[in-house]
Amino acid sequence: MSLPEVCVCYLIRSGPSGDEVLLGAKKFGLGEGNLVGPGGKIEPGETPVQAIVREVAEETGVVVAAEGLRLAGELSYPFPHRPAWSQKSWVFVSRVWSGVPRESDELAPEWFPIGAIPVHRMWDDAKYWLHDALGGGFVTATFEFGEDLRTVAASDHPRFVS
C-alpha cells in the first residue's frame, strides 16, 4: 500500500548573522504547535513541485520559483499506533522566491539561524536529518513514530540510535 504524499519546503535567506531558515508554528491539525516548514498534502494530479509551490503560497504568501527548488529528501513516516497519520514526504529547499512571509490561518512564520534551529520544537525526526538537507545533502529515510505519536521509535537513518 502506498502512503499519502505530502511536501515541505525550507526557504533559506542570508541574514545578519549568516543563513536563516523559515519555519512556522503550526496552528492546527497534525503537528499543531510544532515548528514546521511550509507544506502540505499533494492533491490528485499534482506533482510534488506543483504542490509545494501552491502550499508555500497558501501558508506564507511567498511565491516560490519552481526552477529554484532543490529536492533535498524523500522521507517515510509510519505511525503504527495511528495509521491514518502515516505519510511520505518530499522535502525541498529554496533560496529563490518573491514576497515577504506573512502569517496565515495555518502557519505563523519566523526566521531562525541555521546554526541554531530549535529542533526540540519540531517533529522528533528533524534532529536526525534537517541539517544535512539544509546543507546541500539529499536524505532518504524512514522514521517510525512510537506509541506517544511524538517520538521516533525506529529508523533506518544512520544517525538514529535507539
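Might you let me know whether the stretch 73-87 holds any residue that is over 19 Å from C7 (Cβ atoms) and in contact with a strand residue (DSSP E or B) (Cβ under 7 Å, 6 or more places away or on another chain)? First the steps, then the outcome.
Restricting attention to the stretch 73-87, the residues satisfying the condition of being over 19 Å from C7 (Cβ atoms) are 80-83.
This time we only want the ones that are in contact with a strand residue (DSSP E or B) (Cβ under 7 Å, 6 or more places away or on another chain), so: 80.
Yes: the stretch 73-87 contains one or more residues that are over 19 Å from C7 (Cβ atoms) and in contact with a strand residue (DSSP E or B) (Cβ under 7 Å, 6 or more places away or on another chain).
Which of the residues spanning the stretch 51-80 are part of a helix (DSSP H, G or I), charged (D, E, K, R) and touching a residue at least 24 places away in the same chain (Cβ under 8 Å)?
Here is the first cut: in the stretch 51-80, the residues part of a helix (DSSP H, G or I) are 51-60, 66-68.
Now drop any that are not charged (D, E, K, R), which leaves 54-55, 58-59, 67.
Answer for the stretch 51-80, where residues must be part of a helix (DSSP H, G or I), charged (D, E, K, R) and touching a residue at least 24 places away in the same chain (Cβ under 8 Å): E55, E58, E59, E67.
Where residues in the stretch 107-156 are basic (K, R) and under 15 Å from Y77 (Cβ atoms), which of them is surrounded by the most Cβ atoms within 10 Å (Cβ to Cβ)? Full working, then the answer.
First, pick out the residues of the stretch 107-156 that are basic (K, R): 121, 127, 150.
Narrowing further to those that are under 15 Å from Y77 (Cβ atoms): 127, 150.
Working: K127: 15, R150: 11.
So the residue we want is K127.
If a residue must be aliphatic (A, V, I, L, M) and in contact (Cβ under 8 Å) with a residue 60 or more places away in the chain, how many such residues does the stretch 81-111 contain?
Within the stretch 81-111, the first condition is being aliphatic (A, V, I, L, M), and the residues that meet it are 84, 91, 93, 96, 100, 107-108.
Okay, now just the ones that are also in contact (Cβ under 8 Å) with a residue 60 or more places away in the chain, so 91, 93, 107-108.
Final tally of qualifying residues: 4.
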Conditions first: (1) buried (at least 22 other Cβ atoms within 10 Å of the Cβ); (2) in contact with a Gly (Cβ under 9 Å, 6 or more places away or on another chain); (3) not polar (S, T, N, Q). V96 passes all but one, so which condition is the exception? (1)
How many residues are touching a helix residue (DSSP H, G or I) at 6+ places or on another chain (Cβ under 8 Å) and either over 15 Å from C7 (Cα atoms) or of a type in the set (S, T, Y) (or both) if we restrict to the stretch 55-69? 2
Checking W90 against (1) among the hydrophobic types (A, V, I, L, M, F, W, C); (2) in a loop (DSSP other than H, G, I, E, B); (3) within 18 Å of V139 (Cβ to Cβ), the condition it does not meet: (2)
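Bear in mind these aren't lab numbers, they're just calculated from the coordinates by the rules spelled out. The structure presented is a predicted model; accordingly, all values stated were derived computationally and were not measured. Methodologically, a virtual Cβ is constructed for each residue, glycine included, from the backbone with ideal geometry; neighbour enumeration extends over all protein chains shown.
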